[in-house]
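Asks: I am attaching a structure below and will ask some questions about it afterwards.
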Amino acid sequence: MPSTTSLHPDCERLLVSEDEIRATVDRLARAIEDTYPDPDRRLVLVVILKGSMPFAADLMRQIRRPLELEFMKVSSYGAGTKSSGEIKVSLDLSRDDLDDIDLLVVEDIIDSGYTLSRLSQLLRHRNAHSVRTCTLLDKPARREVDFTPDFCGLCIPDEFVVGYGLDYNEQYRNLPYIGILAPRIYTN
């Protein structure tokens, strides 16, 4: 059923509709199932808080195989609109069975690539059996490090986007679509 949600007044335009999000999540779930076909092999989704929550919740419901959930809180933005280049882990993964599990890091968006690149390195250094990444959105035009996610929902232009978990200063996460935030909101 098509969405009848109206665009938030702080958004210039719609970038990804609710229907497009659903189709993208379903496509990613099928690709993940194809990559991890053995239901006896332990798959753990590592959800990066806070922005990835809506995406991860929808994604895990579409994956038709056993999985576990873990959460990490990693940031490189603070209250700004550009990555600082360094990551800060404020909620860490604490497991002693990493060498026996496949980790799939679930992120809402990649732009510079610093966060997922460094986080993937950290988890590999901890000897996880495997580490792959899944992102709903990718901004390759903003890439500052050589990083390509294993699973990518949509490539988007270099615009400041909000909704479906994505925020500006902790606002707009609850929008059911992804919109382009009007520059008047984040520029002075």
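Asks: What distance in nm separates the simple spin-label points at Glu33 and Arg13, each placed 7 Å from Cα in the Cβ direction?
Replies: In this crude label model, Glu33 to Arg13 measures out at 3.5 nm.
Asks: Considering only DSSP beta bridges with both partners in the chain, what is the antiparallel share in %, to the nearest 5?
Replies: Of all bridge pairs located within the chain, approximately 30 percent are antiparallel.
Asks: Moving on to the next point. Can you tell me the dipole magnitude for the stretch 1-67 around its Cα centre, using point charges on the Cβ only (Lys, Arg +1; Asp, Glu -1), in Debye to the nearest 20?
Replies: Values: 10 positive and 11 negative charges, 58 e Å.
For this selection, approximately 280 debye.
Asks: While we're on this one: For a test of the definition: using alpha carbon positions, the gyration tensor, and the 1.5 limit on a/c, classify the stretch 125-188 as rounded, prolate or oblate.
Replies: Values: a/c = 2.25, a/b = 1.86, b/c = 1.21.
Cα axes put the stretch 125-188 in the prolate bin.
Asks: Something else about it: Under the 0.36 nm per residue contour assumption, what length would be gained going from the current alpha-carbon distance of Leu49 and Glu144 to full extension?
Replies: On the way: separation 95, 0.36 × 95 = 34.20 nm, distance 2.22 nm.
Between Leu49 and Glu144, full extension yields an extra 32.0 nm.
Asks: Okay, moving on. Mind checking which aspartates and glutamates have their C-alpha under 14 Å from Lys50, skipping anything on the same chain fewer than 8 residues away?
Replies: Partners within reach: Glu70, Asp92, Glu107, Asp108, Asp167, Glu170.
Asks: Determine the gain in length on full extension of the stretch Thr187-Ile87; use 0.36 nm per residue of separation and subtract their C-alpha separation, reporting nm with one decimal.
Replies: So the extension gain works out to 33.6 nm.
Asks: Just to be sure I understand, if you calculate P(r) over Cα pairs in 10 Å bins from 0, in percent for this structure, which of (i) 9, 33, 40, 17, 1; (ii) 8, 29, 24, 20, 15, 4, 0; (iii) 9, 38, 36, 15, 3, 0 do you get?
Replies: So the structure-derived entry is (iii).
Asks: Under 5 Å between amide H atoms, partner at least 5 residues away or on a different chain: which partners does Ile110 have, H built in plane at 1.01 Å?
Replies: Those qualifying (amide H under 5 Å, at least 5 residues apart or on another chain) are Leu137, Asp138, Lys139.
Asks: Put a dot 7 Å past each Cα toward the Cβ at Asp100 and Ser6; how far apart are the dots in nm?
Replies: 5.5
Asks: Can you give me the solvent accessible area of Glu170 with a 1.4 Å probe, rounded to the nearest 10 Å²?
Replies: Accessible area, nearest 10 Å²: 100 Å².
Asks: Considering only C-alpha atoms, what is the centroid distance from the stretch 158-188 to the stretch 12-34, in Å?
Replies: 18
Asks: Here is a further query. Collect residues whose amide H, placed 1.01 Å from N in the peptide plane, falls under 5 Å from the amide H of Tyr177; neighbours closer than 5 in sequence don't count.
Replies: HN-HN under 5 Å from Tyr177: Tyr164.
Asks: May I pose another question? When only Cα pairs under 8 Å and 6 or more residues apart are kept, what is the percent relative contact order across the stretch 69-188? Could the numbers behind the result be given before it?
Replies: Numbers: 206 pairs, mean separation 23.1, N = 120.
Relative contact order of the stretch 69-188: 19 percent.
Asks: Here's a follow-up. Can you find, among Ile180, Phe71, Gly153, the residue farthest towards the positive end of the dipole of the stretch 67-188? Put +1 on the C-beta of Lys and Arg, -1 on that of Asp and Glu.
Replies: With unit charges placed on the Cβ atoms, the residue in question is Ile180.
The values are calculated or read from the model by the stated rules, or taken from the named source; none is laboratory data. It should be emphasised that the depicted structure is a prediction, and the values quoted were computed from it without experimental measurement. Every residue, glycine as well, gets a Cβ built from its backbone with ideal geometry; the counts of neighbours run over all protein chains shown. Areas reflect the complete protein model, heavy atoms only, side chains present, ligands, DNA and RNA absent. Shrake-Rupley method; radii C 1.70, N 1.55, O 1.52, S 1.80 Å.
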